[in-house]
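Remarks on the structure that follows.
The values are calculated or read from the model by the stated rules, or taken from the named source; none is laboratory data. Owing to the predicted nature of the structure, the values given are computational and were not obtained by experimental measurement. Note: ideal-geometry Cβ built from the backbone for every residue, glycine included; neighbour counts use all protein chains shown. Side chains are part of the model used for accessible areas, which takes the heavy atoms of the whole protein and leaves out ligands, DNA and RNA. Shrake-Rupley method; radii C 1.70, N 1.55, O 1.52, S 1.80 Å.
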Amino acid sequence: MKVLYVRNGILGRDHYIISEIEITRALRAAGIDARLIVKGEKKQGEQFILPLKVPFNKNRYFVLKLLFYLPFYVIKNRIDFIVVDEKSVVPSIFLVAIKKLFGFRIILDVRTVPVEQVKLSLQQKAAYKIARLFYDGASYITPSTKRLCETKYGLKFNMAAIYSSAVNEKLFTKNVKVTLSSDIADRLKNRFVMIYHGSVTPNRGVTMVLDAINELKDKIPGLLFLSISDNNSLLQKYCSDNNLNLDDQILYLKSADNSLMPQYIKSADVGIIPYSRIKWWEVSSPLKLMEYLSMEMPIVMSNIKAHVDVVPENSDFVVYFNPDNKRELAEKILYAYNNIEYLKVNAYKGREIVLENLTWQKQAERMFEFLKSFSHGAETQLSFSGKKISNVNPAS
């Protein structure tokens, strides 16, 4: 079985690509020939990553390039399954025209719903229509995402699978050695550190954290909010616009390579995930949640469905708050501070949740079973961590 993932994102800049890298790596570890096409320079990434240069640094030219490159690559390498993201649907149109002739399947992979926009763009409308009419199936990040796509966007397929975000449990472990630069280590030393990493946008609830810190800065000695993001300017502007003097309570850092994130997480006391109670977060599967769980870290997070579906509300290492009550976040952070040792003692349970269901190996198993359901032919054997799984060559 040969599987090709196609992701319209920039390797080394767009950190959400880590999901495709990890699922591809996990499939390969089980003996499946899985590969990933992304934007990037030739020497970037591992051998199974195929970075394509963006002509003139314009996405429209990259789309045009994919339009002709994908059929050539798929036919030459005898790919059985092409799994594409929303932004790669339009340049797959030539694949649609020849897929029956060459016997491959095309799968839409939905990792997120349209975020922070009222209406679909023309490109999104075209992508959904092409996928709905001509694709062979879809994979979704959560059951709620699947239901939303079916009811709101008409993305109904006879063949569909669910595989969530996950975490590399070998990389994200509390046993990691911290070797951060001395200037950062000094800022974190003897502080009560809350960490947030990832995108910062108006609807992610991060500004609520700033209001809570402003309320708590005289109540929690050494309180420090560590924000690791390329969008920290939004937080700085919020502080300026609202006259919040939090220079001593916030450390802004640019996004770090995924290999460094475990060190930052280990250097903090609490992870914070303040997502608002809005549709696209309710159906999401937050990658940072899996990373905090794997690192055995106490978490303060909003009690939206996407979080509660992973960690029950009565868990004794998580502090939930209601994002609809702006005052409650400060109360819950203060509770976490006063009970931090109790929370840390119980945080090993978060890693147990990860090992049971949220590793990339587990997601690769689900994806493999889904792809296998399209197939018939001579059986071979693949192994996911010692467990034998039948592989069936796809129909030609």
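Candidates are the residues of region 294-334 that are part of a loop (DSSP other than H, G, I, E, B), open to solvent by 20 Å² or more (accessible area, probe 1.4 Å) and in contact with a strand residue (DSSP E or B) (Cβ under 8 Å, 6 or more places away or on another chain); the one that is farthest from Thr207 (Cα to Cα) is Glu313.
Taking the conditions exactly as written (at positive phi, out of contact with any Leu (no Cβ under 6 Å at 6 or more places or on another chain) and either open to solvent by 30 Å² or more (accessible area, probe 1.4 Å) or small (Gly, Ala, Ser) (or both)), does Phe72 satisfy them or not? Spelling it out, it is not the case that Phe72 is at positive phi, out of contact with any Leu (no Cβ under 6 Å at 6 or more places or on another chain) and either open to solvent by 30 Å² or more (accessible area, probe 1.4 Å) or small (Gly, Ala, Ser) (or both). Regarding Val83, is this residue of a type in the set (Val, Ile, Thr), within 16 Å of Gly9 (Cβ to Cβ) and in contact with an Asp or Glu (Cβ under 6 Å, 6 or more places away or on another chain)? Spelling it out, Val83 is indeed of a type in the set (Val, Ile, Thr), within 16 Å of Gly9 (Cβ to Cβ) and in contact with an Asp or Glu (Cβ under 6 Å, 6 or more places away or on another chain).
Remark: pairs (first residue in region 335-362, in contact (Cβ under 8 Å) with a residue 24 or more places away in the chain and part of a helix (DSSP H, G or I); second residue polar (S, T, N, Q) and open to solvent by 60 Å² or more (accessible area, probe 1.4 Å); Cβ separation under 9 Å; 6+ apart in sequence or on different chains) = Gln361/Ser385. Filtering region 128-149 to residues that are surrounded by 19 or more Cβ atoms within 10 Å (Cβ to Cβ), within 19 Å of the chain's Cα centre (by Cα) and of a type outside the set (D, E, K, R) leaves Ala138, Ser139, Tyr140, Ile141, Thr142, Ser144, Thr145, Leu148, Cys149. For region 150-194, the set of residues classified as open to solvent by less than 40 Å² (accessible area, probe 1.4 Å), farther than 15 Å from Asn258 by Cα and β-branched (Val, Ile, Thr) consists of Ile184, Val193, listed by residue number. Looking at region 11-45 only, could you name the residues that are surrounded by fewer than 17 Cβ atoms within 10 Å (Cβ to Cβ) and over 16 Å from Asn168 (Cα atoms)? Across region 11-45, the qualifying residues are Gly12, Arg13, Asp14, Gly31, Asp33, Glu41, Lys42, Lys43, Gln44.
When we screen Asp80, Asp109, Asp14 for residues that are in contact with a strand residue (DSSP E or B) (Cβ under 9 Å, 6 or more places away or on another chain), modelled with pLDDT under 95 and of a type in the set (Asp, Glu), the only hit is Asp14. Within region 260-277, residues that are under 12 Å from Leu171 (Cα atoms) reach partners that are part of a strand (DSSP E or B) and open to solvent by 10 Å² or more (accessible area, probe 1.4 Å) with beta carbons closer than 7 Å, at six or more positions or on different chains, in the pairs Met261/His197.
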